[in-house]
Amino acid sequence: MNADIEKDGQKTELKPLIENEYIFIEIHESEIPWLKVFSKKPYKEFSQCSPEEKRAILEALDVIEKAMLEYYRPEKINIASFGNMLPRVHWHIMARFKEDSYFPEPMWGKKQRETQLSLPLLDGFLELVEKRLKKPVG
């Protein structure tokens, strides 16, 4: 299933990397590992999500964070939810490195340097996340 979002008055189709009945996950193009977790229903605020949807979002964030720490060994993980540009429940989760172009600034901040990170392939990371999200909870 693909989900449609509206941004700046135009509908855009999101093609999820991973999805279940409550959420979908997509990649954010960047120099760093950066995923976004969306509620499948187009809620504007997290408080509108059902308890099951909230659990699915938080479980995905937990799985992704642990996989990022294990796979990439970053300096820090950043997790953020704003929704000002895209008024839909979604969370950004990013692996940050001292050598990335923006560190220690946020990825939306002022670029600090030009850099070329040498990181493990994204495919292996995505396989790890997908495998762990498919495991039964409990």
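The values are calculated or read from the model by the stated rules, or taken from the named source; none is laboratory data. Note that this is a predicted model, so its numbers are computed, not measured. In this analysis, Cβ positions are derived from the backbone assuming ideal geometry, glycine residues included, and neighbour counts consider all displayed protein chains.
Before moving on, here are some points about what is shown:
- Candidate set from the range 38-49 (those that are in contact (Cβ under 8 Å) with a residue 24 or more places away in the chain and outside any helix (DSSP H, G or I)); member that is nearest to the chain's Cα centre (by Cα): F38
- Among the residues listed as L61, L35, the single one being modelled with pLDDT of 95 or more, surrounded by 13 or more Cβ atoms within 10 Å (Cβ to Cβ) and in a strand (DSSP E or B): L35
- Contact map, the range 96-120: residues that are within 21 Å of I79 (Cβ to Cβ) paired with residues that are surrounded by fewer than 16 Cβ atoms within 10 Å (Cβ to Cβ) and among the β-branched types (V, I, T), Cβ distance under 7 Å, separation 6+ or inter-chain. Pairs shown: E99/T115; D100/T115; S101/T115.
- Residue check for K11: at pLDDT 95 or above and in a strand (DSSP E or B): no
- Scanning the range 80-89 for any residue that is of a type in the set (S, T, Y) and under 14 Å from the mean Cα position of the chain (by Cα) turns up at least one such residue.
- Residues in the range 66-86 that are part of a loop (DSSP other than H, G, I, E, B), surrounded by 11 or more Cβ atoms within 10 Å (Cβ to Cβ) and either in contact (Cβ under 8 Å) with a residue 60 or more places away in the chain or aliphatic (A, V, I, L, M) (or both): 1 in all.
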